[in-house]
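Here's the structure, in structure tokens; my notes come after.
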Amino acid sequence: MARASHPSVDPALDAAALLRRIGFFGLFVLVPVTTQMGRRAAVILAPIAVVLLVLASAIDGKSGPWRPAAGRLLRMPAFLAGLLVILWAALSLVWTPFLDLAAERLLNLIATILLTFAGYLALPERMRSANLYLLPVGTAAAALVAILLGLFGHRLPGTPTEIDGTLDRGLTLLALLVWPAVAWLRSRGRDLESLGLALLVAVALVVSPNALQLTALAAGAAAFALTSLRPFLGVRVASLGAAALLVGAPLLPFLARPVASTLLGPASPGALSLKTWQKIVTTEPLRLVTGHGFETALRGRIVNLLPANAPTTLLFELWYELGVVGAVAAAFALQAAIRRSGRGTPVLVPGAMAAFAAAFTITCIGVGLTVMWWLTTLTVVILAFVAVARGQFRTRRPKASQIGHPETL
């Protein structure tokens, strides 16, 4: 009797598939859920998940040749402009008053960029739907955890407090991660589920009210709606708006302070913060060219080099530390990245614009330039969108009438 043939089993490929599944589970489920409860959860777990994805790619090679992919990325205008920002930050170490601390923070920033780069190269060229469905599942689970913590967290011992800020970090990740999850569900034709997920995240943000996350979610929703109705206009508004705010940031305190004084009062914290920003611009105009050096905004507050009520936003800190060179390069990089995302798969473009709008809103309201948990959050969101984009392929089955036709054989 002939022996029945069985497909060959390759333990290495099985191990790679298992490592990849664990990596995506960690990145899309564990990170968003544990970030609601642990301050450094994302900073610890995200690199571990990326390492697992890199190991899986090294074993089975499903990510494809890494050199052509790396070459295409390195030639992108957005990447080159971003590289200029890093080089200028490194050069600014010459005149920063906090050389050791600034060098350490710059190394951490470069390490995070390399981690994102490694994760990008390790993602398979064709993502399996089973791995991508972990993204909305993890986002929904994190939203449920956030709702429970918002409602009952104060009654439980050992849970994060408002002063601790842990839940705020988790909600910030939720406000961003919801958009690639919604984009994936919409690309699968699950519009009702995507709407339910967005509403669940909105409930999580409302239960633990914080102006930062709610404003970011609202900005993302507005960008999503505009891009869904008018794709070209949505991409154009997002790209030009972000670039204009970065380049014209020194003019903002002169324009916004009268408004803030009228609405909030001249002695309000917001108006006083804008007054401080305005004074810095007028008293040190030459510093608008070179900046004060990398890491001076945060450290300057500690040693009273900078007033304590100075703004803690990207718009202020970028100009204060890196001057016009860093600001213009960052603006070009952001604009180029947004415009490139706008040329992607049409069904994903509204979600991408929403994520850009939400992230930019967060940086403009109250997250520093190089805070590690924030950079790690951006890494998770970027890898999620790249993974969703690589899951946009379908194999079309031929119609019954076409079976047997020479062109289908």
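When the residues of region 95-129 are narrowed to those that are free of Cβ contacts under 8 Å to residues at least 12 places away in the same chain and either of a type in the set (A, V, I, L, M) or crowded, with 20+ Cβ neighbours inside 10 Å (or both), which ends up farthest from residue 201 (Cα to Cα)? Looking at residues that are free of Cβ contacts under 8 Å to residues at least 12 places away in the same chain and either of a type in the set (A, V, I, L, M) or crowded, with 20+ Cβ neighbours inside 10 Å (or both), I get 99.
Remark: pairs (first residue in region 32-48, under 20 Å from residue 19 (Cα atoms); second residue among the acidic types (Asp, Glu); Cβ separation under 7 Å; 6+ apart in sequence or on different chains) are absent. Annotation: of all residues in region 354-378 being part of a helix (DSSP H, G or I) and touching a Pro at 6+ places or on another chain (Cβ under 9 Å), the one that is surrounded by the fewest Cβ atoms within 10 Å (Cβ to Cβ) is 376.
Among helices (runs of 4 or more DSSP H) entirely within region 217-308, having at least 3 residues that are hydrophobic (A, V, I, L, M, F, W, C) and farther than 30 Å from residue 348 by Cβ singles out 252-264, 269-283, 296-302.
Note on region 277-308: residues that are crowded, with 18+ Cβ neighbours inside 10 Å, among the aliphatic types (A, V, I, L, M) and under 28 Å from the mean Cα position of the chain (by Cα) amount to 2. Taking the listed residues 271, 221, the one that is surrounded by 15 or more Cβ atoms within 10 Å (Cβ to Cβ) and without any contact (Cβ under 8 Å) to a residue 60 or more places away in the chain is 271, with no other qualifying. Evaluated against (1) outside any helix (DSSP H, G or I); (2) within 26 Å of residue 139 (Cβ to Cβ); (3) of a type in the set (S, T, N, Q), residue 96 falls short on exactly one condition, (2). The number of residues in region 181-196 that are in a helix (DSSP H, G or I) and out of contact with any Ser or Thr (no Cβ under 6 Å at 6 or more places or on another chain) comes to 9. Going through (1) among the small types (Gly, Ala, Ser); (2) surrounded by fewer than 20 Cβ atoms within 10 Å (Cβ to Cβ); (3) part of a helix (DSSP H, G or I) one by one, residue 64 falls short only on (3).
The numbered conditions (1) in contact with a Ser or Thr (Cβ under 9 Å, 6 or more places away or on another chain); (2) exposed (fewer than 15 other Cβ atoms within 10 Å of the Cβ); (3) modelled with pLDDT of 90 or more are all true for residue 142 except (2). Candidates in region 314-348 are the residues that are over 19 Å from residue 274 (Cα atoms) and among the hydroxyl-bearing types (Ser, Thr, Tyr); of these, the one that is surrounded by the fewest Cβ atoms within 10 Å (Cβ to Cβ) is 345.
Taken over region 8-35, the criterion of being of a type outside the set (Val, Ile, Thr) and at pLDDT 90 or above is satisfied by 18, 19, 20, 21, 23, 24, 25, 26, 27, 28, 30, 32.
So that you can scan it fast, the table gives a plain yes or no per residue for (1) over 17 Å from the mean Cα position of the chain (by Cα); (2) at pLDDT 90 or above; (3) surrounded by 20 or more Cβ atoms within 10 Å (Cβ to Cβ):
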| residue | (1), (2), (3) |
| --- | --- |
| 60 | yes, no, no |
| 80 | yes, yes, no |
| 90 | yes, yes, no |
| 138 | no, yes, yes |
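Inclusion of residue 252 among residues that are crowded, with 18+ Cβ neighbours inside 10 Å, out of contact with any strand residue (DSSP E or B) (no Cβ under 6 Å at 6 or more places or on another chain) and modelled with pLDDT of 90 or more is warranted. If the condition is being in a helix (DSSP H, G or I), farther than 16 Å from residue 380 by Cα and of a type outside the set (Gly, Ala, Ser), then region 22-61 contributes 55, 59, 60.
Evaluated against (1) in a loop (DSSP other than H, G, I, E, B); (2) loosely packed, with under 15 Cβ neighbours inside 10 Å; (3) touching a helix residue (DSSP H, G or I) at 6+ places or on another chain (Cβ under 6 Å), residue 311 falls short on exactly one condition, (2). So is residue 208 modelled with pLDDT under 90 and within 26 Å of the chain's Cα centre (by Cα) or not? Judged against the criteria, residue 208 is a match.
How many of the residues making up region 233-251 are more than 19 Å from residue 329 (Cα to Cα) and touching a residue at least 40 places away in the same chain (Cβ under 8 Å)? Matching residues across region 233-251 total 2.
The values are calculated or read from the model by the stated rules, or taken from the named source; none is laboratory data. Just so we're clear, the structure is a prediction, and the values are computed from it rather than from any experiment. Neighbour counts run over all protein chains shown; Cβ positions are idealised from the backbone, glycine included.
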